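Below: one structure, written as structure tokens.
The values are calculated or read from the model by the stated rules, or taken from the named source; none is laboratory data. Everything quoted here is computed from the prediction, not taken from an experiment. Positions of Cβ are generated from backbone atoms using ideal geometry, with glycine treated the same way; all protein chains shown enter the neighbour counts. Each accessible area value is taken on the protein alone, full model and side chains, heavy atoms only, with ligands, DNA and RNA left out. Shrake-Rupley method; radii C 1.70, N 1.55, O 1.52, S 1.80 Å.
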Amino acid sequence: MLRKNRFVLILGAVFLLLPTILSLLNFYTDWLFFAETGFSSVFMTTLYSQAGVGVLFGVVLFAAIMSNLLYANSIRFPMTGLFVVGGLNLRMQREEALRLIKPIAMLVTLVLAFFAGNWGAARWEEVLLFTNRVDVGTVDPVLGKDIGFYLFSLPFWEILQGFAGFALIASALLAAALYYVRGGILLDDRGAAIDEKVRRHLAVLVVLLGGVIAAGFYLDSFKLMFANNGIFSGAGYVDVNSRLLTYRVLAFLTPVAGMVLAAGLWKGVWRVALLPPVILVAIYFIGIRIYPGLLQKFKVAPNELALETPYIESNIKFTRFGFDLEKIETVPFDVDRKLSAVDIANNDATIKNIRLWDHAPLLKTYSQLQQIRTYYKFFDVDNDRYLVNGKYTQVMLSPRELSYADLPSKNWINERLIFTHGNGITFGPVSRISKEGLPEFFVKDIPAVSQADIKVTRPEIYFGELSNDYVVVKTKVPEFSYPTESGNINTTYSGKGGIGLDSLLKKALFAARFKTEKLLLSSDITPASRIIFNRNINQRVRTIAPFLMFDGDPYMVVDEKGGLKWIIDAYTHSSRLPYSKPVKGGVNYMRNSVKAVVDAYDGTVSFYISDPNDVLVKAYSRIFPDMFKPMSAMSEYLRTHIRYPHQFLQLQASIFSAYHMTDPKVFYNKENLWQIPVLAEKPMEPYYTIMKLPGEKLEEYILLLPFTPSNRDNLSAWLTARCDGDNYGKIRAYTFPRDRLIYGPKQIDARINQDSYISQQLTLWSQRGSEVIRGSLLVIPIEKSLLYVQPLFLAADKAGLPELKRVIVAFGDEVVMEENLELALQRIFGGRKAVAAAVTDAAPDVKASAGSLAKEAMSIYERAMNQQKQGNWAGYGEELRKLEQVLKQMAK
């Protein structure tokens, strides 16, 4: 039996230590990673808090259970000789059972303490937020508690209450099991016989458990502030006038009931002992379930608006606070249709920066024109603005990353030592089109060729969105840099990224981490070699700051020195804001309070606070004082490239569509409910553009999204977030008059489909085997009018090269389709000289001189004759119509 006990103990020790051993394999390499990135203090703070909280919870649980077991083991009971286990017909001598139960009880206690420690370690963030809590200065409208209590304190108290309850229940169950084995509890056909000393012990545990349950009821009264009442979030009339009172009564009566139950156990009076729990259960079901339902049905429902108005007001107030909607300025926009060619010319910067290239078609085009080799890949296209040759220009930028899945020869040396990085970017304006319908480039090719004053001097991309596999640099094997006609150019990494493999221990640890013996055996790795991992920028920043939520659309910036840097928007968030409407994941408080910057060459990471008023980032700054920097510490050049995140504005817009109504009656009746327009069964997404906002003197980079009334297609408003300089983060909602029809995107889309000429052309192109891709329909406010622009792309098939062949422009009741934006605007507004002046840079192949008009007329005539010979009468008619427009201009 001794050998069996020893085996059980050894098995338990291995079971407990194995996860620890496995986690220690990654511990040192994680420490090296945090030291490499300069966040060792973050690592140590997290480690100390996890270890401290985990050990505290584990030790407390172990002490609680062991103290009860030691007490239970100290009491002597008459020995009955046999120990019987229920209906299992298992019989053994009680002395033998006692020898077996001690190691088992110890093992079970250790296992429970281990899991309690792991559970507690996972709650390190809640503990640190509690110890570094911050007052918000705003109280909830029902209980008068500062909002900081709900964000920082309530989660901590819930953790303690849950842990205390588990510790007491586990102690009671294990003590009862020990009492049963030792004879303190006897079970037979007549029932259970419990020794007096056992009853007294259990009575003490019942009193403590009653206090813990009472604390749970008290905390439940605060959790009412997150209730869902269907119409709004937060405590309503029924919650405040029924459930809140019931929870407070239960919080008071439960300890009393626990003491009465304990007294009954102490004296062995079972009827007295069982009565209090029955009363509590009855109060709970009546006060929490039955009475609130009756109150809702017979009092609230007939008078819902009158009774719920104060709570709806609170819901509106706190939801607007939770998603930072209070800063949105509502401005009337008295739209008209008086836009002229002169207005177009006066807003030339807006016209030049209308985005004609959609992300998806442009990504395909970039991939086919600029991928260069199969092992390069464009993962995404980013939108930004630059001063290009002195002009404020909106651009599309795509990094050329390395795709390990597409390497021609896959082996460890190729994947880990030779092909280590991507190379360069493709960079061009959003609106320029070549004669072939292809995009123009400011920066292209490998090595980078620049057509503008934007120079890329450090094109290597070791850190990006595509790959997270480790690589080893500074080895004996030269790294592949880029291909040329005569051969490949090699390079050697000269950055400070990565961790030096200067010892056998480091090689062994990384070999174990990445499960490869090659790191130990390779003769190409020298003491100067460095291993680079966590290369995926999203994974990299999440590893350093797991408490932040990161935006799904990082974007690359060419800095002032020609280096490449990633900017990632980060959010603080919580699900603990009273009365705030939750979104996906239960989040009801969110701020874009941090900007993360990652160097694409050496992986350096910096976190900048973009919203110092955010209460959560204040708390995290206290927890990690060396982690965050003020925005003033970011280079002035990089600050000109921060942009308001479109995913966050999309979320804010979805909330603002209802919560722009601040009058409780209007909100309740949904009198002015908005919605985000839906096109092709997909909600429109916010889009960046450069334009002059109403009342402003200069064009600026903004994010724009239109609104339509609920279940209607006309426009009701447009939302804009500003991105430049001191205006960054300011949001305006421009509302349209409600007494007239303003065409919405879906109505314009329908009018495009109903245009006989356009629909005929689309059908004709589709029948020829080409794929017609309709780009995003953009609503462009100019002066007091609205211009609608949609590009059309043609591809030979689904895998073909998308070419921008037509631009559709709608204004008022007119819808036109032309080869470029200049011709479309000319057809609508006339005044070729004014329009051409506005868009000459956007369509440099179009000139306004008489000679060029004559050449253009001759070219159109030749195309018309070709269409006639081919029997394409629709194309022939289109060319004649264009010829008419050019002849009219020549006549002027």
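Values for this structure:
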{"item": "Residue selected from the range 252-266 under the condition aliphatic (A, V, I, L, M) and buried (at least 16 other Cβ atoms within 10 Å of the Cβ), by the criterion farthest from Val204 (Cα to Cα)", "result": "Leu253"}
{"item": "Criterion violated by Ala680 - all others in (1) within 27 Å of the chain's Cα centre (by Cα); (2) modelled with pLDDT of 95 or more; (3) more than 14 Å from Thr330 (Cα to Cα) satisfied", "result": "(2)"}
{"item": "So Gln760, is it outside any strand (DSSP E or B), touching an Asp or Glu at 6+ places or on another chain (Cβ under 7 Å) and either under 18 Å from Glu814 (Cα atoms) or open to solvent by 50 Å² or more (accessible area, probe 1.4 Å) (or both)", "result": "no"}
{"item": "Top-ranked residue in the range 454-475 [being within 21 Å of Thr516 (Cα to Cα) and among the hydroxyl-bearing types (Ser, Thr, Tyr); ranked as surrounded by the most Cβ atoms within 10 Å (Cβ to Cβ)]", "result": "Thr475"}
{"item": "Strands (runs of 3 or more DSSP E) wholly inside the range 476-535 containing at least 2 residues that are surrounded by fewer than 17 Cβ atoms within 10 Å (Cβ to Cβ)", "result": "488-491"}
{"item": "Options Leu362, Leu356; residue that is outside any helix (DSSP H, G or I) and either modelled with pLDDT under 95 or under 28 Å from Leu786 (Cα atoms) (or both)", "result": "Leu356"}
{"item": "Which listed residue is in contact with a Gly (Cβ under 9 Å, 6 or more places away or on another chain), modelled with pLDDT under 95 and either buried (at least 21 other Cβ atoms within 10 Å of the Cβ) or basic (Lys, Arg) (or both), from Arg712, Arg722", "result": "Arg712"}
{"item": "Restricting the range 458-496 to residues that are within 32 Å of the chain's Cα centre (by Cα) and of a type in the set (S, T, N, Q), the residue that is nearest to Gln371 (Cα to Cα)", "result": "Ser467"}
{"item": "Meets criteria (surrounded by 17 or more Cβ atoms within 10 Å (Cβ to Cβ) and either touching a helix residue (DSSP H, G or I) at 6+ places or on another chain (Cβ under 6 Å) or closer than 30 Å to Ile351 by Cβ (or both)) for Gly428", "result": "yes"}
{"item": "Residue tally, condition β-branched (Val, Ile, Thr) and free of Cβ contacts under 8 Å to residues at least 60 places away in the same chain, over the range 729-758", "result": "1"}
{"item": "Enumeration of residues in the range 784-818 that are surrounded by 19 or more Cβ atoms within 10 Å (Cβ to Cβ) and charged (D, E, K, R)", "result": "Glu803, Lys805, Arg806, Glu818"}
{"item": "Residues being under 21 Å from Leu825 (Cβ atoms), part of a helix (DSSP H, G or I) and either at pLDDT below 70 or not basic (Lys, Arg) (or both) - total across the range 856-892", "result": "15"}
{"item": "Candidates Val269, Val238, Val342, Val249 - the one that is surrounded by fewer than 20 Cβ atoms within 10 Å (Cβ to Cβ) and farther than 30 Å from Val206 by Cα", "result": "Val342"}
{"item": "Any hit, the range 690-707, residues being closer than 15 Å to Pro645 by Cα, small (Gly, Ala, Ser) and touching a strand residue (DSSP E or B) at 6+ places or on another chain (Cβ under 9 Å)", "result": "no"}
{"item": "Odd one out for Val108, checked against (1) within 15 Å of Gly58 (Cβ to Cβ); (2) free of Cβ contacts under 8 Å to residues at least 24 places away in the same chain", "result": "(2)"}
{"item": "Filtered residues of the range 466-496 (kept if at positive phi and in contact (Cβ under 8 Å) with a residue 24 or more places away in the chain)", "result": "Lys474"}
{"item": "Complete set of residues in the range 402-417 that are surrounded by fewer than 19 Cβ atoms within 10 Å (Cβ to Cβ) and assigned to a helix (DSSP H, G or I)", "result": "Tyr404, Ala405, Asp406, Trp412, Ile413, Asn414, Glu415"}
{"item": "Options Ile525, Ile499; residue that is within 30 Å of Val456 (Cα to Cα), in contact with a Leu (Cβ under 7 Å, 6 or more places away or on another chain) and either touching a residue at least 40 places away in the same chain (Cβ under 8 Å) or not small (Gly, Ala, Ser) (or both)", "result": "Ile499"}
{"item": "Odd one out for Arg337, checked against (1) in a helix (DSSP H, G or I); (2) more than 30 Å from Ser574 (Cα to Cα); (3) more than 32 Å from the chain's Cα centre (by Cα)", "result": "(1)"}
{"item": "Selected residue (criterion: farthest from Ala122 (Cα to Cα)) from residues of the range 33-67 that are open to solvent by less than 20 Å² (accessible area, probe 1.4 Å) and more than 27 Å from the chain's Cα centre (by Cα)", "result": "Ile65"}
{"item": "Ala717 at pLDDT 95 or above and out of contact with any helix residue (DSSP H, G or I) (no Cβ under 6 Å at 6 or more places or on another chain)", "result": "yes"}
{"item": "Unique match (being closer than 21 Å to Phe222 by Cβ and not basic (Lys, Arg)) among Leu250, Leu275", "result": "Leu250"}
{"item": "Members of the range 601-644 that are over 25 Å from Glu126 (Cβ atoms) and part of a helix (DSSP H, G or I)", "result": "Met631, Ser632, Ala633, Glu636, Tyr637, Leu638, Arg639"}
{"item": "Sole residue being among the small types (Gly, Ala, Ser) and either modelled with pLDDT under 95 or touching a Ser or Thr at 6+ places or on another chain (Cβ under 8 Å) (or both), chosen from Ala653, Ala733", "result": "Ala733"}
{"item": "Cβ pairs under 8 Å, 6+ apart, first in the range 365-379 and closer than 21 Å to Pro429 by Cβ and assigned to a loop (DSSP other than H, G, I, E, B), second open to solvent by 60 Å² or more (accessible area, probe 1.4 Å) and of a type in the set (S, T, N, Q)", "result": "none"}
